[in-house]
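As structure tokens, the structure follows; a few thoughts come after it.
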Amino acid sequence: MLGSNLSGANLSNANLRGTDLSGADFIDADLRGTDFTGAILSGADMNGADCLGAEMANVILVATSLRGAKNCPGGMMGAFFCKTILPDGDFVQGPDWYE
């Protein structure tokens with residue numbers, strides 16, 4: 001699913017565990033309840049996506065934009081951040097692990 005255009009897609013409750021989603025466009029997508037556990041989201045753009053209840057444990061976020069994403073989960077245990085923009089616009093230079 002490298003570089004997929006999933007802008008505005010309804011992916012609620014999808015199982016994307018361990019999927020390489022590098023460069024994917026999730027702008028304004030419905031990601032509520034989606035399981036991203038262990039997924040690679042490097043270069044992905046999640047601007048405006050609704051992430052309520054999404055599971056993001058052990059995801060890899062390198063050069064990822066979460067800017068404007070809504071309801072980002074607290075369940076990001078083990079996530080790896082580097083050069084990532086957080087929902088509030090803060091920039092994580094990293095590398096850093098979320099524990």
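The table below gives the values:
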item: Unmet requirement for PHE36, which otherwise passes all of (1) within 19 Å of ARG17 (Cβ to Cβ); (2) buried (at least 19 other Cβ atoms within 10 Å of the Cβ); (3) of a type outside the set (D, E, K, R); (4) touching a Ser or Thr at 6+ places or on another chain (Cβ under 7 Å); result: (4)
item: Residues located in region 47-72, provided they are crowded, with 17+ Cβ neighbours inside 10 Å, touching a Gly at 6+ places or on another chain (Cβ under 8 Å) and within 19 Å of GLY18 (Cα to Cα); result: ALA54, GLU55, MET56, ALA57, ASN58, VAL59, VAL62, THR64
item: Lone unmet requirement of (1) touching a strand residue (DSSP E or B) at 6+ places or on another chain (Cβ under 8 Å); (2) in a loop (DSSP other than H, G, I, E, B) for MET76; result: (1)
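Conditions tested, residue by residue: (1) more than 20 Å from TRP97 (Cβ to Cβ); (2) without any contact (Cβ under 8 Å) to a residue 60 or more places away in the chain; (3) of a type outside the set (Phe, Trp, Tyr); (4) out of contact with any Leu (no Cβ under 7 Å at 6 or more places or on another chain).
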position	(1), (2), (3), (4)
MET1	yes, yes, yes, no
LEU11	yes, yes, yes, no
ALA29	yes, yes, yes, no
GLY33	yes, yes, yes, yes
MET56	no, yes, yes, yes
LEU61	no, yes, yes, no
THR64	no, yes, yes, no
MET77	no, yes, yes, yes
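All of the numbers you see were taken from the coordinates with simple rules; none came from a lab. Predicted model, so just to flag it, every value in this text is computed and none were measured. Reconstructed Cβ throughout: ideal geometry from the backbone, glycine too, with neighbour counts over all protein chains shown.
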